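Comments concern the structure below.
The values are calculated or read from the model by the stated rules, or taken from the named source; none is laboratory data. Quick caveat: nothing in here was measured; it's all calculated off a predicted structure. Neighbour counts run over all protein chains shown; Cβ positions are idealised from the backbone, glycine included. Just the protein is used for accessible areas: all its heavy atoms, side chains included, with ligands, DNA and RNA removed. Shrake-Rupley method; radii C 1.70, N 1.55, O 1.52, S 1.80 Å.
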Amino acid sequence: MTERTLLDAQKAVIEDFAMNKNKRDREFYSVDVGDSTFTVLKRYRNLRPIGSGAQGIVCSAYDQILERNVAIKKLSRPFQNQTHAKRAYRELVLMKCVNHKNIIGLLNVFTPQKSLEDFQDVYLVMELMDANLCQVIQMELDHERLSYLLYQMLCGIKHLHGAGIIHRDLKPSNIVVKSDCTLKILDFGLARTAATGLLMTPYVVTRYYRAPEVILGMGYQANVDIWSVGCILAEMVRHKILFPGRDYIDQWNKVIEQLGTPSQDFLMKLNHSVRTYVENRPRYAGYSFEKLFPDVLFPADSDHNKLKASQARDLLSKMLVIDASKRISVDEALQHPYINVWYDPAEVEAPPPKIPDRTLDERDHTVEEWKELIYKEVIEWEERTKNGVIRGQPTALGAAVIDSPPQPTSASSSSSSSSSANDVSSMSTEPTDPSSDPAVGSETDSSLDSHTSLSALACCR
């Protein structure tokens, strides 16, 4: 090739590159959202900040193509270290796989950067919900609503567990609702596959919802999520946190003060140093669940579905079991009398997501390697979309808001008015892994700017 021909070829490449860059630049615009600048596709309009935290900034927006309101999360410095990069990759991969009405739906993924070299921002577009469970906890709910919300949590968890995914960070701010009583689980930054023999990190979930086996460094299985659900149900009944520990030691003390010191058989499962510490603590007899959750805390018994305080209390007693080997499973919880009135095989037995990479949690890469993997995922998503519609993927069960909640399998429907709620983010941005970010100093639920309120939930049956 002559020097002239080589120069012409290089010029053509540069011109083509410039043309693609200009075309891509025309697809995006920038807008200040709070203290951050969002550079988003022009299809997204009316951006409004609604949440911020260590993992990202969230705003609501209107999608002109889908003609619906959405939540857009800009990941915060996803490539600052290996932990953040791996978390971003994990969240993106898992969200692309799940497809269930009780799991938040991923609508779009994009980056405004034109090349791997320039790649630095990741935007996740998701369904926009009305509120997270923090607001619902303050409401006086009847048994139908309590039971139905819990049923939906368990359906979502079963869908994840069916693929070997343990969420690991279930808490009120990671569970979102619509005013029609539909519920979805979100935030997979800490979720991981269960098919691993590695000792799992104890810093996996906001302290108040942390299971005993996590506090004590025992490793854990899928029903670690069931303990978190039990803590959430208890909080919905009591309207306050069940185990409000100041640190992980105080958290353990709060657990045994209420539930009692576990048996010697359980203590023998601990490693020597942890067992020595636990055995040197004062022994507590604990309280009965009738004492912890007296009838006065519950709503009146249901005439429609025959739901009772005694059933809810029994379910709590099976979820809040210190010894995980004796704790109820998600399948058993779905069959519990307080839950199974809503049982629908299409919801409970939906095919589990297919995880393309079962070794995700054992993989170890440099920041640059994680960055390249994330970039490939984003580009792959863009290749599968055309005019905002995902190609080659079934319609997500959770992609649309249910206009009228499902009818019960054991009761006639009833009606109840519901006030409309302003849109609140479907994305949690609360820091959840203090071990990975020394700047994280709080584990309270502060993921949303609470300038909106959800005053009521529609009747669920």
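Count Lys and Arg as plus one, Asp and Glu as minus one, and take only other residues whose Cβ is under 11 Å from that of T261; the net charge is then 0. Model label sites at R77 and K376, defined 7 Å from Cα along the beta-carbon direction, differ in position by 2.7 nm. Here the mean projected area of the convex hull built on the C-alpha positions of region 131-349 is 11.9 nm². Of the peptides 131-140, 89-98, the order by per-residue mean of other Cβ atoms within 10 Å, starting with the highest, comes out as 89-98, 131-140. For region 23-128, the solvent-accessible area of protein heavy atoms averages 37 Å² per residue (probe radius 1.4 Å; ligands and nucleic acids excluded). For region 70-146, the alpha-carbon coordinates run over 55, 23, 19 Å along the three principal axes, in decreasing order. If only the Cβ of Lys and Arg carry +1 and only the Cβ of Asp and Glu carry -1, the dipole of region 131-349 around its Cα centre is close to 700 debye. The alpha carbon convex hull volume per residue for region 278-384 rounds to 242 Å³.
Listed cross-link partners K86/K240; K86/K254; K101/K171; K74/K376; K184/K291; K178/K291 are compared with a 22 Å cut-off, the Cα-Cα value being larger for K86/K240; K86/K254; K184/K291; K178/K291.
Accessible surface of region 23-128, 1.4 Å probe: 41 percent of it comes from carbon and sulfur atoms. Residues whose amide H lies under 5 Å from that of G51, counting only those 5 or more places away or on a different chain, are V58, D449; hydrogens are built 1.01 Å from N in the peptide plane. Annotation note: trypsin sites (Lys or Arg not before Pro) in region 205-283 located in DSSP loop regions with a Cβ neighbour count of at most 12 within 10 Å are K240, R246, R283. Translational diffusion of region 23-128 was estimated from the Stokes-Einstein equation, with Rh taken as the Kirkwood radius over Cα pairs; at 37 °C and 0.692 mPa s the coefficient is 229 µm²/s.
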